[in-house]
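The next block holds one structure in the form of structure tokens; read it before the comments.
The values are calculated or read from the model by the stated rules, or taken from the named source; none is laboratory data. Every value quoted in this text rests on a predicted model; they were computed, and no experiment measured them. FYI the Cβ positions are ideal-geometry reconstructions off the backbone, even for glycines, and counts take in every protein chain you see. For accessibility, only protein heavy atoms count, side chains too; no ligands or nucleic acids. Shrake-Rupley method; radii C 1.70, N 1.55, O 1.52, S 1.80 Å.
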Amino acid sequence: MEVGNMETNKIKNNIELLAPVGSYEALKAAVQNGANAVYLGGKDFSARASANNFDRDELIEAVKYSHIRGVQVFVTVNTLIKQREIEYFVEYIKFLYDADVDALIIQDIGIAKLVKELLPDFEIHASTQMVAHSLDDVKYLSSVGFDRVVLARELNISEIRNICDNTDVDIEVFVHGALCVCYSGQCLMSSMLGNRSGNRGRCAQPCRQKYQLIDLETGKVVNEDGDYLLSTRDLNSIEDIDKVIDAGVYSLKIEGRMKKPEYVATVVSSYRHAVDEYLEKGDFCVSESTMENLYTIFNRRFTKGHLLGDIGNDLMNREKPNNQGLYIGKVIDCNRKTKRLKLKLEGTLKKGDGINLGGGTIGRIIKGKEISDIGYIGETIELDFIGEAKRNQRVFKTSDGELLERVKETFKDSKEFVKIPVEAEIKIKLGQKPVLTIKDENGNIA
């Protein structure tokens, strides 16, 4: 995986890589690893109310930080707005407009109309929660003033291509991250069960809880493989990103405003490399190490989603609702007396990594009488271990210390990987002060 090695953030071949940002650290991670644009929420009207989000001063700084590096900033105001909130909402979007935010992401059609009446040149994007799943939907949203439509996640490539071929509005599609089990995020379950509305930014994620499937006629529980019957896998389209680009999609959207900066850095840099390679060469290869990084940093098992033809069971993961990690081997033995766990490795494991058994990170790796910092594929190793494990139990690496340290380096305050090409001209005349003129690709002159 190549991280932080980017000459310019200029959009190549009219393809935008759009990154999620839930904190200022995540903003730096996204920008420094190659995002062309970021989307983030303020403290108000955001559909991820439990993310850190940005207060007004932080929003101003986020826009400055991004714009000077050629990155656009989209702000989510994608909750449903109550009548009594409209006056405050209007004041808020005027603040965002004055702060030079590039676009608003909106779910509420009435609010969209209001924004266009008050600030007609403020760009607005139709949230995926508007459930735009047909050409007619997209044409309607375009007619009422939307500059971009984020399509429903239930569409496949051929349906997306048909929409792109028949509309002038920019089309945005999710390419990586969590999926909703309900249609395009239009979930009422959290509201019904816990009085926490997803459409107001307070989803309690009931789909990630345990459920039983009961036969109403017999009253018996239907046996299923796992307890998490409503939990979806995570979308990963990196190996088919050429198909998404060729369909005519303008913006490739990564999900994850609740995720850590390390996640943002890893996923953005992985997709940046794949997209650039395809646009430059007409072909690309996703390395094994890139896929391993994506599995390790976070996955609930991966799916290619409706986007690329995975449906039914291929969308669901009943076993576990959180990070599954990267498969690295099986348990041979767990000895409580010696407090040792013996593993047969089918992947690499290092000191500082975390696994799905026990807690904390791995210290020493024991190979017979030798102590090592790393175990390789095919080796049998032992770990110091306090806990429970069964023979033949599958073991997954849930964190990689080396990966985390490497991606953290890309968004340290002292590091700057975004390079903006400039042209410079100097005029020197006898008896006059020299004049240096510098110009960038966007026509900015100093």
Query raised in the report: So which pairs qualify, if the first residue must be in the range 16-43 and over 15 Å from Val75 (Cα atoms), the second must be among the β-branched types (Val, Ile, Thr) and modelled with pLDDT under 95, the Cβ gap must be under 8 Å, and the two must be at least 6 apart or on different chains?
Result: Val31/Val418; Gln32/Val418; Asn33/Val3
Requested in this report: With respect to Thr361, determine if the residue is among the β-branched types (Val, Ile, Thr), within 20 Å of Asn299 (Cα to Cα) and modelled with pLDDT under 95.
Outcome: yes
Report summary line: Scanning the range 366-384 for residues that are of a type in the set (A, V, I, L, M, F, W, C) and farther than 24 Å from Phe298 by Cβ, the one most open to solvent (accessible area, probe 1.4 Å) turns out to be Ile371
Report task. Scan the range 295-307 and give yes if some residue there is of a type in the set (A, V, I, L, M, F, W, C) and surrounded by fewer than 19 Cβ atoms within 10 Å (Cβ to Cβ), otherwise no. Result -> no
Requested in this report: Could you pull out the residue among Asn5, Asn52 that is open to solvent by 50 Å² or more (accessible area, probe 1.4 Å), out of contact with any Lys or Arg (no Cβ under 8 Å at 6 or more places or on another chain) and at pLDDT below 60?
Outcome: Asn5
**Report entry** Residue in the range 61-107 that is farthest from Ala35 (Cα to Cα), counting only those that are buried (at least 21 other Cβ atoms within 10 Å of the Cβ) and not β-branched (Val, Ile, Thr)
**Finding:** Gln107
Report summary line: In the range 14-27, anything crowded, with 24+ Cβ neighbours inside 10 Å and more than 11 Å from the chain's Cα centre (by Cα) is listed as Leu27
Query raised in the report: Would a scan of the range 251-261 turn up a residue that is touching a residue at least 24 places away in the same chain (Cβ under 8 Å) and of a type in the set (S, T, N, Q)?
Result: yes
Query raised in the report: Is at least one residue of the range 207-228 open to solvent by 40 Å² or more (accessible area, probe 1.4 Å) and in a helix (DSSP H, G or I)?
Result: no
Report task. Would you mind stating whether Ile332 is assigned to a strand (DSSP E or B), modelled with pLDDT of 95 or more and open to solvent by 20 Å² or more (accessible area, probe 1.4 Å)? Result -> yes
Query raised in the report: outside any loop (DSSP other than H, G, I, E, B) and modelled with pLDDT of 95 or more, is that true of Asn293?
Result: yes
Report task. Run down Asn322, Asn313 and say which single residue is open to solvent by 70 Å² or more (accessible area, probe 1.4 Å), assigned to a helix (DSSP H, G or I) and of a type outside the set (D, E, K, R). Result -> Asn313
Query raised in the report: Which residue, of Thr410, Thr437, is modelled with pLDDT of 95 or more, open to solvent by less than 70 Å² (accessible area, probe 1.4 Å), of a type outside the set (Phe, Trp, Tyr) and within 23 Å of Ala37 (Cα to Cα)?
Result: Thr410
Query raised in the report: Under 8 Å by Cβ, and 6 or more places apart or on different chains, what pairs join a residue from the range 434-446 that is free of Cβ contacts under 8 Å to residues at least 12 places away in the same chain with one that is among the hydrophobic types (A, V, I, L, M, F, W, C) and open to solvent by less than 90 Å² (accessible area, probe 1.4 Å)?
Result: Ile445/Ile438; Ala446/Ile438
Report summary line: Taking first residues from the range 267-285 that are closer than 23 Å to Ala29 by Cβ and in contact (Cβ under 8 Å) with a residue 60 or more places away in the chain and second residues anywhere that are loosely packed, with under 12 Cβ neighbours inside 10 Å and not charged (D, E, K, R), the pairs with Cβ under 6 Å that are 6 or more apart or on different chains are Leu279/Asn13
Query raised in the report: Ile362 is checked against (1) over 28 Å from Thr232 (Cβ atoms); (2) in a strand (DSSP E or B) and fails just one. What number does that condition carry?
Result: (2)
Query - Pairs with Cβ under 8 Å, 6+ apart, first in the range 103-117 and within 15 Å of Val149 (Cβ to Cβ), second small (Gly, Ala, Ser) and in a helix (DSSP H, G or I) - result: Ile106/Ala112
Report task. Find the helices (runs of 4 or more DSSP H) located wholly in the range 128-195 whose residues include 1 or more that are surrounded by fewer than 20 Cβ atoms within 10 Å (Cβ to Cβ), touching a strand residue (DSSP E or B) at 6+ places or on another chain (Cβ under 9 Å) and at pLDDT below 95, and list them. Result -> none
Report summary line: Checked the range 196-206 for anything within 18 Å of Ser231 (Cα to Cα), open to solvent by less than 70 Å² (accessible area, probe 1.4 Å) and assigned to a loop (DSSP other than H, G, I, E, B); matches are Cys203, Ala204
